[in-house]
């Protein structure tokens, strides 16, 4: 079951239809965002699309896609952008599928041509930010991608990418756990048994 997660000021607001209740109360959007602003993670059990649609209606939705790329030898691809370890991702262009955008962004940002392991995203994450005086919700669809070999990388410098590296899964997970909140969730899903 896919979960919807929103990352807001470094905190997580998560919707899941299959989450167990630990505490229940009537949903109040303003209260949820106030809790986020105070540093709490908020988890909501959402059994209807109505609540999710209600929340999304408050933002301009921007679509992006990225890749969780692994080679046949088990190493995983990551980038360092502006001093922070990250994964290749970017905006979906008009008329482009999210999967096509993920493949294109991986190629542009790292020089690596990858193939999809499946057509369904591993996870969709949502990041809320204020840009030009308006609130945006960026939906990033993350796809599992594969390559036959850990090909030579070519970091896309004009996008602020300083490095593109193939690393062991334990290194990949550790670096992502010290990165952005949405990437920490991906690290937990992809390499759950790696201890720091």
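One table, with the values for the structure above:
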| read-out | value |
| --- | --- |
| So residue 133, is it surrounded by fewer than 18 Cβ atoms within 10 Å (Cβ to Cβ), on the phi > 0 side of the Ramachandran plot and touching a strand residue (DSSP E or B) at 6+ places or on another chain (Cβ under 9 Å) | no |
| Flag if residue 106 is modelled with pLDDT of 95 or more and surrounded by 14 or more Cβ atoms within 10 Å (Cβ to Cβ) | yes |
| Residue satisfying all of: in the stretch 37-74; within 15 Å of residue 125 (Cβ to Cβ) and not in a strand (DSSP E or B); modelled with the highest pLDDT among these | 59 |
| Number of the exception - residue 140 against (1) part of a loop (DSSP other than H, G, I, E, B); (2) buried (at least 19 other Cβ atoms within 10 Å of the Cβ) | (1) |
| Complete set of residues in the stretch 83-108 that are outside any helix (DSSP H, G or I) and either in contact with a helix residue (DSSP H, G or I) (Cβ under 6 Å, 6 or more places away or on another chain) or within 20 Å of residue 187 (Cα to Cα) (or both) | 83, 84, 85, 86, 87, 88, 89, 90, 92 |
| The stretch 109-130: number of residues that are surrounded by 22 or more Cβ atoms within 10 Å (Cβ to Cβ), in contact with a helix residue (DSSP H, G or I) (Cβ under 7 Å, 6 or more places away or on another chain) and not in a strand (DSSP E or B) | 3 |
| Residue check, residue 92 crowded, with 20+ Cβ neighbours inside 10 Å, farther than 25 Å from residue 177 by Cα and in the same structural domain as residue 180 (by TED's automatic domain parsing) | yes |
| Condition check for residue 150: out of contact with any strand residue (DSSP E or B) (no Cβ under 7 Å at 6 or more places or on another chain), touching a residue at least 12 places away in the same chain (Cβ under 8 Å), under 16 Å from residue 70 (Cβ atoms) and outside any strand (DSSP E or B) | no |
| Failed criterion for residue 77 (all others in (1) touching a helix residue (DSSP H, G or I) at 6+ places or on another chain (Cβ under 7 Å); (2) modelled with pLDDT under 95 hold) | (2) |
| Per-region count, the stretch 157-170, residues more than 18 Å from residue 146 (Cβ to Cβ) and in contact (Cβ under 8 Å) with a residue 12 or more places away in the chain | 6 |
| Test: residue in the stretch 180-193 that is in a loop (DSSP other than H, G, I, E, B) and at pLDDT 85 or above | no |
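The values are calculated or read from the model by the stated rules, or taken from the named source; none is laboratory data. What you are looking at is a predicted structure, and each value in this text was computed from that prediction instead of being measured. When we count neighbours, we look across all protein chains shown, and the Cβ atoms used for this are built from the backbone with ideal geometry, even at glycine.
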